[in-house]
Amino acid sequence: MTRPAPPSHCPLALRLVTTAVLGLMLCSVYAPASAQRQPGPPPGTNLEDSGDAAPPPPPQEEPEAPPPPPPPPPDKPPVAKLLERLRSGSTEVLDIPVEQIPNYRNMMRDMVEELSRYARGRNPKFIVLAHPAFDLLYWSQREFDLDDAHRDPLKPPPPETIRPVGMPMRHFIQALDGFVLDGQFCSPLRVPKADLMEARNEGLKAASLEHCKNDEAVVKALQAAANAQIITFADTAEDNEYRTIPPRRPIPENASNVETLNTARNMLPVFSSKAFPSRDAWLRALGNNNYDIIVIDAFDRTDQPLTKAELHDLKYKQMGARRLVLARMDVGHADDSHYYFQRDWQVGTPSWLVGLGADHLGQYDIEYWNPAWKAILGRYFAGIVDLGFDGVMLDGVDAYRRWEAKTPLMMDK
């Protein structure tokens, strides 16, 4: 079994973070200008009147023409074209000597570990999920090869100091309570059951987010997840925005109090409030259901944070039983809809904002190990703990993949 991992670079400096973060969170909000299409030339331009037309010539027999080809599909709008290009995976390859390529996986691990230490130092029961993070639980083939390339060939290390492929990354595992998979039940690319069992034996709880082809597949996926004891949400959406709440009741529905991951049976991610007409409508919809876990943004559509009283109310299901409320925080990308994004920021300014993201417009690829970005995360994370969330789902943990694609190793399989 081949699995992944990264090194220990760039401390997060969370201890320098002030806990009076709600004031810091109300910084200027970037309001991107909406994209405008350039209209094409109007129809019927440059046509001239030819006057009286001559009578048509007598018809002549011609060979039967083949049927015309079907019309081409309508041109995609600019936004769809851009997202398609970004998702294609095409990216520049950085000219870096192999011995200077960093371990991007370990840099992500280090950041998650530091966030976890900070949160648990303040609240030992604080829950930390990572999405998607399964490949970071173990030392990968790429990391093994990269380690070998970094060694001095004249000073071979003792064999017992070399990490084998598949070695569990203990510190990273201990920093987590669980991990979130993508498409475990509605995708052909699934983590083998034996590997999931191995992670479970490490004390981690598995969850999964699913996009299925129809409602019947959704129900089957949720039933299979319940049998596998994997906390799962499934819908038929074609994107990862998670903006709405399905009208159906949770499967399986759970009347018990839920205060730990191990007692949860279902989950509801709602990453944006923009689909709701108002803040009150968003909060009512979040409260009027019986999901065991809800995962939400700490801010509403106007970038105003939840209050402690609002968060307290969300911790109870419609039936009155306790549930968990987790904050979703993207650690691998910046987003121009978030409170921290400044109006004059663009690719290259600041320097750690390095490109457009592939998930949606307004997302940016970043140097996630950069101290400036980690300071922003520190303030954001401290605010989540201050508000009283039960935990966090760290999203974008797989951002290291883009950087690995930019720096392939000659020995990459």
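Averaged per residue, segment 135-229 has 55 square angstrom of accessible surface, using a 1.4 angstrom probe with ligands and nucleic acids left out. Just so you know, the averaged projected area of the alpha carbon convex hull for segment 160-299 sits at 10.4 nm².
Multiply the residue gap between Glu238 and Gln223 by 0.36 nm, knock off their C-alpha separation, and tell me the result in nm, one decimal place.
The span from Glu238 to Gln223 would gain 3.3 nm if fully extended.
Starting from 0.36 nm per residue, how many nanometres of slack lie between Asn370 and Arg322 once their C-alpha separation is accounted for? Difference between extended and current length: 13.4 nm.
When peptides 183-190, 114-121 are sorted by average Cβ neighbour count within 10 Å, with the highest value leading, the order is 114-121, 183-190. Element breakdown for segment 136-290 at a 1.4 angstrom probe: carbon and sulfur atoms account for 51% of the accessible area. Can you give the percent of C-alpha pairs in segment 320-365 whose distance is more than 12 Å? Roughly 66 percent, rounded to a whole number. The simple spin-label model puts a point 7 Å past each Cα toward its Cβ; for Asp344 and Phe271 those points are separated by 3.1 nm.
The values are calculated or read from the model by the stated rules, or taken from the named source; none is laboratory data. Values in this document were obtained by computation on a predicted structure and should not be read as measured data. Using ideal geometry, Cβ is built from the backbone for each residue, glycine included, and neighbour counts are taken over all protein chains shown. Surface accessibility is based on the protein's heavy atoms, side chains included, excluding ligands, DNA and RNA. Shrake-Rupley method; radii C 1.70, N 1.55, O 1.52, S 1.80 Å.
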